[in-house]
Structures are given as C-alpha cells and as structure tokens.
1. What do you get for chymotrypsin sites (Phe, Trp or Tyr not before Pro) in the stretch 68-126 restricted to DSSP loop and a cutoff of at most 16 other Cβ within 10 Å of the site's Cβ?
2. How many nm separate the modelled label positions at ILE113 and PHE71, each set 7 Å beyond the Cα in the direction of the Cβ?
3. From the cross-link list LYS17/LYS90; LYS27/LYS119; LYS67/LYS119; LYS66/LYS117, which pairs have alpha carbons spaced over 24 Å apart?
Amino acid sequence: MKKIVTLYILTLFVSCKTYELTPLSLKTQLENSSVEERGVKLNNASIFFNSTYMAVSLDSLEVFDKKGTVFYLQNSPSIEMRLINNEGEKFTMYFDTVVIINDTLTGSRSRFISGIKHKVPFSTISKVFVQDGQKDFKYTN
C-alpha cells in the first residue's frame, strides 16, 4: 500500500510542471489579447479612463521552463498562477480569472467562492509562475 501511495505522490509532482514568465511578458501578452475600455460620454465625446485586460481571452501563454525553453501553455480552467511581490508575499489564483484594470491585477483564488480574490498592484509583482493543476474544470456555454 505504501508503494502505491508513494508512486501516486511522485506522479503528481512530475505531472504538474511549473513554468515562469516575467511580469512584463504577462502584461504584454494580456494587453495584446484583448482590451475592454470603459468610459463616459460627455457632449458626444468619449472619455476613456479604464483599460481592462482579461486573461480568459488569451488562447495560449508563452512561458519558460527552468532551462529557459519556450513553451506555449494552452489556456484552460485548470491553469493556476502564483505571483510573488517585491516583499516576498505569494498570491495564488486561477489564470483565466485574471483581469488587469489599469495597474491592478485581480484574480480569484477559488472556483467555488467567487468573492475570494487577490488584488495586486502590477508594479509590485517580481515573479510569475504558472502550472496546469490538472483539475477537471470545463468551460460551459
């Protein structure tokens, strides 16, 4: 029985490969994927004050493994992202819930409780890691 449990645990560690990307690369990829501008209309002139970039609209994410090899990770509900800020604090969220509004990155920590979110000023992010958690979440229409 111990051998089966040990084999199962080792399989989990091998199957969840972690990739890295720079904060600037993340922001650039999100900015190139979509934009939803929100604003107000005054006297027939539109004034935009918010730019919103949503990770859910990204088909794949360019990431690097530990050796520096480029991979394209297919976006899915099971992609998890971990951010580390300049002070060493860690924030974990599901990648497809990530939204950048101006300079603040927001993302959900839970699939089941939508109110649990992290808000991280983008300028404070020092490292970004992503992995496919292999969870069986599916998009529905």
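A short reminder: the numbers here are calculations on the coordinates, not readings from a lab. Here the structure is a predicted model, which is why all the values come from computation and not from measurement. Cβ atoms come from the backbone with ideal geometry, glycine included; neighbour counts cover every protein chain shown.
1. Details: sites: PHE71, TYR72, PHE91, TYR94, PHE95, PHE112, PHE122; in loops: PHE112.
Those that pass, being in a loop and sparsely packed, are PHE112.
2. With each label placed 7 Å out from Cα toward Cβ, I get 3.1 nm.
3. Details: LYS17/LYS90 18 Å; LYS27/LYS119 15 Å; LYS67/LYS119 30 Å; LYS66/LYS117 28 Å.
As for pairs spanning more than 24 Å Cα to Cα, those are LYS67/LYS119; LYS66/LYS117.
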